[in-house]
Amino acid sequence: MLKFYNTLSNRLEEFKPLIDGEVRMYLCGPTVWDFAHVGNFRANVFADILRRHLKFKGFKVTHVMNITDVDDRIIARAAERGQTIDEYTAPYIEAFWQDFDAIGCERPEIAPRATEHIAEMVTLIEQLRERGHAYNSDGSIYYRINSFPAYGKLSKINLAGNIAGASERIDTDRYEKEDARDFALWKAVETEAETGWDAELGRGRPGWHIECSAMAMKYLGTTFDIHAGGIDLAFPHHENEIAQSEGATGKEFVRYWLHNEHLKIEGETMSKSKGNYYTFRDLVAQGYAPVAIRYLLLSVPYRKQLNFTFDALRGAEKAVESLRNFGTRLSEARCETGVNEELRETTARIAKEFETGLDDDLNTSVALAALHNLRNATNTAIDECTLRLVNKTEIEALLKRFDSVLNIFGQTEREMLDAEVQRLIDERQEARRRRDWARADEIRDELAGRRIILEDTRDGVRWKRG
Ligand code: AMP
Ligand code: ZN
């Protein structure tokens, strides 16, 4: 039976979607003001396992992940560089997807950008005003927390203790609020020069929380199955999303709230503000394989704290190598026809362990242990010449099935392709050095045929998939 720990009820619950056989889920996506760090990718890899396991169980999945492409940091940095916010965020959005693909996450069905959904946010704010949940102050619009008695039901926050500025992400605005706990839905923007949108509400820009309510409900409906994100988002972000969405529709917003624990480093949460982080690309540049980073993030179930160390990362590299060697050994194994019944039973038991582990609130360490058990049992059978053709076929199929969730072997193909692309680029550089323009152009065309776009920069040739 598939169970998830629901932060709303604080317990493990059987998962049953609203519509039989279909799951609608939302994940709070990146704020694209900089490169994402490996901690951010813990949230992505967790959501990836969630969606892949749901598919493994036979559900049709509609997964939405927003891109927060407007916030105070983005506006400030874009202004410093004299860029529009689109110009500023474009390279970070591109980098995010590159990293996302490289770490083996499956892209969500829908990835809406905040700046493209301002109209939906404005409509939602208007609904909140009509229902008495929002008020105007100095041109900005705030959510009246007092008007929503259920406030706090997700995070079980003690409101009395929640004073403005007490939490990192509480809005400490300069504007007048009725109550310090109220949060901004729409922030007034006074001048044309500042980033803002002209709306019935007045010129302004949206608060962060309203983005997710508007985009989630637009694509998933007023009530949907799963909302996920890092534990830091439970309060105030998700609490505010509930207040906004339920306040506007009068209906339940989300049925299961899933939160991943943080990636720590030396006992502290990895974060940009603390400066104790590695971006995904830092690690890849140091020579660590994306799949090893993925493995490390999977090695501990998502609700447990995970400490990042280079020792653990090297351990993950070794584990991946041993699994991949096993994959190759299995595919090359020659065996007699027939079936080894004992091995078949072992394989069936391991298949069950894998599924039961993931059904139990996505316990990835149990799933990985099952994979290693399969490797050990099969290697022993190969050593002892007891692997039979039927077993081989079954184990290969099972490995594929496991990998549809874990995606540890599946990466190989992609990485080989990447290596091949790099080889062609190097060859093209060499041809150019020889002034063999015909060969250089030929290679460029071949790469273009594979939808690889080359960019000549001062630091050498960069490439991306088109
Ligand atoms: P942000 O780009 O800061 O809005 O964060 C994107 C996602 O990464 C959110 O779901 C955060 O909760 C999550 N996140 C941020 N830091 C960490 C961390 N150290 N470990 C795990 N998840 C994190
Ligand atoms: Zn969100």
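The values are calculated or read from the model by the stated rules, or taken from the named source; none is laboratory data. All values derive from a computational prediction rather than experimental measurement. As a convention, Cβ positions derive from the backbone with ideal geometry for all residues, glycine included, and neighbour counts pool all protein chains shown. Protein only, heavy atoms only, side chains kept; ligands, DNA and RNA dropped before computing areas. Shrake-Rupley method; radii C 1.70, N 1.55, O 1.52, S 1.80 Å.
The table below gives the values:
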read-out	value
Those helices (runs of 4 or more DSSP H) lying entirely in the stretch 329-434 with at least 3 residues at pLDDT 95 or above, of a type in the set (A, V, I, L, M) and surrounded by 18 or more Cβ atoms within 10 Å (Cβ to Cβ)	341-359, 364-383, 389-406
Which listed residue, of 289, 316, 312, is small (Gly, Ala, Ser), away from ligand 2 (no atom under 16 Å from the Cβ) and surrounded by fewer than 18 Cβ atoms within 10 Å (Cβ to Cβ)	312
Qualifying residues in the stretch 304-328 (those that are of a type in the set (A, V, I, L, M) and assigned to a helix (DSSP H, G or I)) - the one nearest to residue 394 (Cα to Cα)	323
Close pairs from the stretch 441-460: first on the phi < 0 side of the Ramachandran plot, partner open to solvent by 80 Å² or more (accessible area, probe 1.4 Å), Cβ under 7 Å, at least 6 apart	452/465; 454/444; 455/462
Where a residue in the stretch 14-30 is within 15 Å of residue 208 (Cβ to Cβ) and its partner, wherever it lies, is away from ligand 2 (no atom under 16 Å from the Cβ) and open to solvent by 10 Å² or more (accessible area, probe 1.4 Å), with Cβ under 9 Å and at least six apart	30/92; 30/93
Matching residues, the stretch 208-228, being touching a strand residue (DSSP E or B) at 6+ places or on another chain (Cβ under 6 Å) and within 9 Å of ligand 2 (Cβ to nearest atom)	216, 227
Extreme residue, nearest to ligand 1 (Cβ to nearest atom), among residues of the stretch 207-229 that are open to solvent by less than 10 Å² (accessible area, probe 1.4 Å) and not in a helix (DSSP H, G or I)	229
All positions within the stretch 83-109 that are more than 25 Å from residue 293 (Cα to Cα) and part of a loop (DSSP other than H, G, I, E, B)	83, 84
Failed criterion for residue 321 (all others in (1) closer than 17 Å to residue 409 by Cβ; (2) at pLDDT 95 or above hold)	(2)
Looking only at the stretch 24-66, and only at residues there that are among the charged types (D, E, K, R) and near ligand 1 (Cβ under 10 Å from one of its atoms), the one that is nearest to residue 229 (Cα to Cα)	42
Meets criteria (of a type outside the set (Ser, Thr, Tyr), surrounded by 13 or more Cβ atoms within 10 Å (Cβ to Cβ), within 16 Å of ligand 1 (Cβ to nearest atom) and more than 18 Å from residue 372 (Cα to Cα)) for residue 296	no
Strands (runs of 3 or more DSSP E) wholly inside the stretch 1-75 containing at least 2 residues that are surrounded by 23 or more Cβ atoms within 10 Å (Cβ to Cβ) and either more than 16 Å from ligand 2 (Cβ to nearest atom) or not hydrophobic (A, V, I, L, M, F, W, C) (or both)	22-27
Residue ID - least open to solvent (accessible area, probe 1.4 Å), chosen from residues in the stretch 230-274 that are closer than 21 Å to residue 62 by Cβ and more than 16 Å from ligand 2 (Cβ to nearest atom)	249
